[in-house]
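Written below as structure tokens is the structure these notes are about.
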Amino acid sequence: MALIQMRDIEKTYHMDGVEVRALRGVSLTIEPGEFVAIMGPSGSGKSTCMNILGCLDRPTSGTYSLDGTDVTTLDDTALARLRNRRLGFVFQSYNLLPRTPAIENVELPLVYAGVPDRRERALAALDAVGLRDRSEHLPTQLSGGEQQRVAIARALVTEAPIILADEPTGNLDSATASEVMAIVERLSRLGMTIVLVTHESEIAARAHRLVQFRDGRITSDEPVQGRAIYAGTAVPGGVRS
Ligand code: ADP
């Protein structure tokens, strides 16, 4: 069964009597272990789609199943629980608490989930992004790349199998962006499912599959040449079977 299955998703916003059709029939299936990049012009519906994927927003119509659960039938509490268990989020602006040490930022999702042994797990997550020795630093005492790595550690700490990243390298210079992408690629090799929005084709080229949006629709959905990997197996010629 697909990990993520969106069918005919529509999302219409109403603002001051004006209707904005942000998504106009999006169908998207993602299997476990895929690394998918999403590109498209500003206003094409990428963030709206990510918000629905991340169970942060609900579609106007259509169906979305995550790990076999029909998300559209869940109440807010069940949705929050599913989100915490299955999804890790990484944002362009890191979204770290500014007066809170790195380690406590990483522990936050475990606090929400009521998990004991938080310190140990948060340290392991910081270790995974090479920042164990920065655990007591405040976000302001870290570089942009380090802050984004802390944010990735926070996404990893619950051991959720899916990472949703919305322009994770948007605020980083290209060398730092490349370091952050090396971590994302490593997570992908470890079998995590990754969906990443980007404006930069060099970043998208590191994914295995590229989905392009325009005017609230998917206009293209193709393997990235030479990078296609399916369920951990490289497919010759980059063609998915
Ligand atoms: P992208 O991420 O590709 O830039 P968005 O998904 O943010 O695109 O936006 C798609 C369309 O929906 C745009 O026209 C945008 O103005 C509109 N939109 C997005 N969020 C809202 C909202 N909360 N209320 C009203 N309109 C919105």
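Table for the structure above
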quantity: Cα-based radius of gyration of the chain once divided by 2.2 N^0.38 Å, which approximates compact folds; calculated: 1.00
quantity: Within the accessible area of the chain (1.4 Å probe), percent carbon and sulfur; calculated: 48 percent
quantity: Convex hull per residue volume in Å³, alpha carbons only, for segment 115-176; calculated: 98 Å³
quantity: With DNA, RNA and ligands ignored, accessible area of Asp67 (1.4 Å probe; Å², nearest 10); calculated: 70 Å²
quantity: Percentage relative contact order, the chain, counting C-alpha pairs under 8 Å, at least six apart; calculated: 26 percent
quantity: The chain, accessible area per residue, ligands and nucleic acids excluded (1.4 Å, Å²); calculated: 48 Å²
quantity: Amide H within-cut-off set for Arg209, under 5 Å, with H built and near neighbours excluded; calculated: Phe35, Ala37, Val224
quantity: Largest-first ordering by accessible area, 1.4 Å probe, given options Glu19, Glu104, Glu167; calculated: Glu19, Glu104, Glu167
quantity: Rg/Rg_ref, segment 38-85, where Rg_ref = 2.2 N^0.38 Å and atoms are Cα; calculated: 1.21
quantity: Helical contribution to [θ] at 222 nm, DSSP H n ≥ 4, -39,500 (n - 2.57), averaged over the chain, rounded to 500; calculated: -9500 deg cm²/dmol
quantity: Ratio of the Cα radius of gyration of segment 1-136 to 2.2 N^0.38 Å, where N counts its residues; calculated: 1.23
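The values are calculated or read from the model by the stated rules, or taken from the named source; none is laboratory data. This structure is a prediction, so every number in the text was calculated from the model and none was measured. Ligands, DNA and RNA are stripped out before the accessible areas are found, and what is left, the full protein with its side chains, is counted by its heavy atoms. Shrake-Rupley method; radii C 1.70, N 1.55, O 1.52, S 1.80 Å.
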